Amino acid sequence: MSPELSQGVAPATPLLTMQREVVRQAMSRSFALTMDELLILRDLDGQPMRPMQPPPGVTPRASAALLLLYPSEGELWLPLTVRSARLTTHRGEVSLPGGRTDPEDDGPIGTALREAWEELGIRTSYVEPLGTLTPFYIPPSNSRLTPVVGLSLVEPDLHPNPDEVEAAFSVPLRCLFDPAIVQEEIWERGQTRMRVPFFALEGYKVWGATALLLSELLARMRRVGFS
């Protein structure tokens, strides 16, 4: 380990050590998760509305996002971004650093790490990729998103790229398990009414694809005994 890196490594508190081990276990196993374990758009009867796969004949663009867990204040935190109003899709929504796969990327992990550097200035040499969550289809951008989970040895300095990121904030992983922050509203889109679950974080409603992939990580952690 380089002297520069060793100086920035957070002390391994019991909580931090336990969280890291649980995340490693959660990402090293295969689970047959149910829709009831995930935060997903539903109709008023409670049936899932999000298509996990593209329609027949549609070829989606490959994309990836990084769900980064880093040490701070003796536990794991994760950074989230508010997408810039300059973007063509998902403007103003809370997201994870991510985007389309470039030809030179080394698979989804390469895309996720590159996007984390471009959007937030995260030094990816400190990031240990643990694997991927379930890929899913995002209709507005016609993309198939592969979520990548990574552990950072150090707390990153976040430098949001104003061309892509309006703001960035971080939350403790632990707080996502608080039932009080998981809320639901009825939204209308044209003639469609839907039940929209979300995490209420820092005054934002974290819904859609971001809520879905976060809820999968939490479901995996619950399956290995964390709550």
With angles folded into 0 to 90 degrees, how steeply does helix 107-120 sit against the dominant principal axis of the chain? Use alpha carbons for both and round to 10.
80 degrees
Taking Lys and Arg as +1 and Asp and Glu as -1, residues besides residue 109 with C-beta under 12 Å from its C-beta add up to -3
Stokes-Einstein translational diffusion, the range 108-227 - Kirkwood Rh over all Cα pairs, 1.002 mPa s, 20 °C, in µm²/s
132 µm²/s
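Provide the net charge surrounding residue 45, with neighbours chosen by a C-beta distance below 13 Å and charges set as Lys +1, Arg +1, Asp -1, Glu -1. Walk me through the numbers before you get to the answer.
Numbers: positive: 42, 193, 195; negative: 43.
Spelling it out: positives minus negatives among the neighbours equals +2.
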Please turn the phi angles of the range 71-78 into ³J(HN,Hα) values with the Karplus equation 6.51 cos²θ - 1.76 cosθ + 1.60 (θ = phi - 60°), one per residue in order, whole Hz, x for glycine and proline.
x, 7, 6, x, 8, 8, 10, 9
Take the chain, mark every one of the trypsin sites (Lys or Arg not before Pro) that falls in a DSSP loop and has at most 11 other Cβ within 10 Å, then report the longest stretch left between them, sites excluded.
87-227
Answer label for mean projected area of the Cα convex hull in nm² (calculated), chosen among (i) 17.5; (ii) 15.1; (iii) 13.5
(iii)
Give me, ordered by chain and number, the residues 5 or more places off residue 134 or on other chains with an amide H under 5 Å from its own placed amide H.
none
Taking amide H atoms as placed 1.01 Å from N in the peptide plane, list the residues 5 or more away in sequence, or in a different chain, whose amide H sits under 5 Å from that of residue 61.
143, 144
What is the magnitude of the charge dipole of the chain about its Cα centre, with +1 placed on the Cβ of each Lys and Arg, -1 on the Cβ of each Asp and Glu, and no other charges, expressed in debye to the nearest 20?
640 debye
Give the distance, in whole Å, between the Cα centre of the range 173-190 and the Cα centre of the range 66-136.
21 Å
Find me the longest stretch of the chain that has none of the exposed GluC sites (Glu not before Pro), where exposed means in a DSSP loop (not H, G, I, E or B) with at most 15 other Cβ atoms within 10 Å.
105-201
Measure nothing but the geometry: give the 0 to 90° angle between the long axis through the Cα atoms of 14-28 and the longest principal axis through the Cα atoms of the chain, rounded to 10°.
50 degrees
Suppose a student asked you for the relative contact order of the chain, using Cα pairs under 8 Å spaced at least 6 residues apart; what percent would you report?
27 percent
With θ set to phi - 60°, apply the Karplus curve 6.51 cos²θ - 1.76 cosθ + 1.60 along the range 141-154 and write out the HN-Hα couplings as whole Hz, x wherever there is a Gly or Pro.
9, 6, 10, 9, 8, 10, x, 10, 9, x, 10, 9, 6, 10
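Take the alpha carbon gyration tensor of the range 42-168, find the square roots of its eigenvalues, order them as a ≥ b ≥ c, and report rounded if a/c is under 1.5; if not, report prolate when a/b exceeds b/c, else oblate.
Prolate, because a/c is 1.5 or more and a/b exceeds b/c.
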With Cα coordinates, the longest principal axis of the chain makes an angle with the long axis of helix 208-223, in degrees rounded to 10, of 60 degrees
DSSP beta bridges in the chain: the antiparallel percent, rounded to 5, is 80 percent
Net lengthening on full extension, residue 167/residue 28 (0.36 nm per residue, minus Cα-Cα):
46.8 nm
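All of the numbers you see were taken from the coordinates with simple rules; none came from a lab. Just so we're clear, the structure is a prediction, and the values are computed from it rather than from any experiment. A quick note on method: Cβ atoms are made from the backbone with ideal geometry, for glycine too, and the neighbour counts reach across all protein chains shown.
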